[in-house]
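The values are calculated or read from the model by the stated rules, or taken from the named source; none is laboratory data. Fair warning: this is a prediction, and the values are worked out from it, not measured in the lab. We place every Cβ from the backbone using ideal geometry, glycine too, and count neighbours over all the protein chains shown.
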């Protein structure tokens, strides 16, 4: 199996995490273990009770003398700084916006910091698709959005810490070792690597990894994606996998926080079903996860959506795990969601005026969202460096 140029590294402990209260308790616990440094980078950081929970943990870490670097997206977290005033600087937290609105994004308005990552001391980290918001934590009365993350300990954490520090700026790089120091303790034999996407900076690692996964799948391919609008090439690769006898299952949301995307995704159903792809719609809450598992062995999880925003514009970060036992356990958890909280999509008749209207709406939505790729050509391949 050709997994690409960036190597996997042995010696990791990895946990598969589902969003909700337990996830945020784990995040607060992780920040609470910091001795030297915390790198937290988020697309959305809201000033709601969940945001307060995480912010309190960051303030407590800074009060212990830990260097805390917080980077949030200028669009996704637009109101964050205004809501908390001078609280961050008074707490000693280094804070920056990525591509702050509006002036800094005129040449590349769609280039956003879409990562969700926390690295502590270059030794422990959490990476996934979960933003800091009540929507992802849920409550006793409202279930959280379905999303996943990975907790990892091991050598890859040091490399990811340097990647986060470079994104934050020179200030964060000053205290980080040039080489992988780590604790020296090997927790297990699990193989892990991180991959990034930032096409304006020439990085297409996640896109290339997905292409390899789709082409190499022999027995089973499981795709969980919240805003599922793959390129023509990736869509063809998915259909080809099913046609060559691979059991392909795609889990999408029955409802979406972006109805236009939901309609555009529905436009793909007929082609996928015709090729033998199984489609499931998650019904319990909003699906926000981005996971791919190949042959119960290779797992890819993070912030990357199968659409043009992730492929051409956004800064994305995923973790990849190459381990049969771990990937099989994650597969079981996802298949349980498909069995217990989702419904399978069958070939449905859309006869009559209402059916024709729905087909036209889906097709128009799909064409409209597909056209966003041309914004990349309009605004150029070399936008200015991220400013804060």
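Somewhere in the range 2-13, is a residue modelled with pLDDT of 95 or more, in contact with a helix residue (DSSP H, G or I) (Cβ under 9 Å, 6 or more places away or on another chain), under 26 Å from residue 289 (Cβ atoms) and surrounded by 18 or more Cβ atoms within 10 Å (Cβ to Cβ)? Within the range 2-13 (the criterion being modelled with pLDDT of 95 or more, in contact with a helix residue (DSSP H, G or I) (Cβ under 9 Å, 6 or more places away or on another chain), under 26 Å from residue 289 (Cβ atoms) and surrounded by 18 or more Cβ atoms within 10 Å (Cβ to Cβ)), the answer is yes, since at least one residue qualifies. Would you pick out the residues in the range 91-119 that are out of contact with any helix residue (DSSP H, G or I) (no Cβ under 9 Å at 6 or more places or on another chain) and modelled with pLDDT of 90 or more? If the condition is that a residue be out of contact with any helix residue (DSSP H, G or I) (no Cβ under 9 Å at 6 or more places or on another chain) and modelled with pLDDT of 90 or more, then 116 is the only one that fits. Just wondering, is there one or more residues in the range 339-348 that are in a strand (DSSP E or B), surrounded by fewer than 16 Cβ atoms within 10 Å (Cβ to Cβ) and in the same structural domain as residue 213 (by TED's automatic domain parsing)? Yes: the range 339-348 contains one or more residues that are in a strand (DSSP E or B), surrounded by fewer than 16 Cβ atoms within 10 Å (Cβ to Cβ) and in the same structural domain as residue 213 (by TED's automatic domain parsing). Mind counting the residues in the range 248-257 that are over 15 Å from residue 234 (Cβ atoms) and surrounded by 15 or more Cβ atoms within 10 Å (Cβ to Cβ)? Qualifying residue count, the range 248-257: 5. Elements of the type strands (runs of 3 or more DSSP E) sitting completely within the range 198-310 and holding at least 3 residues that are modelled with pLDDT under 95 and outside the structural domain of residue 360 (by TED's automatic domain parsing): there are none. Looking across the range 25-58, the residues that are in a helix (DSSP H, G or I) and over 20 Å from residue 152 (Cβ atoms) come down to 49, 50, 51, 52, 53, 55, 56, 58. Evaluated against (1) modelled with pLDDT of 95 or more; (2) in a helix (DSSP H, G or I), residue 17 falls short on exactly one condition, (2).
Just a yes or no: is a residue in the range 172-181 over 25 Å from residue 95 (Cβ atoms) and at pLDDT 95 or above?
no
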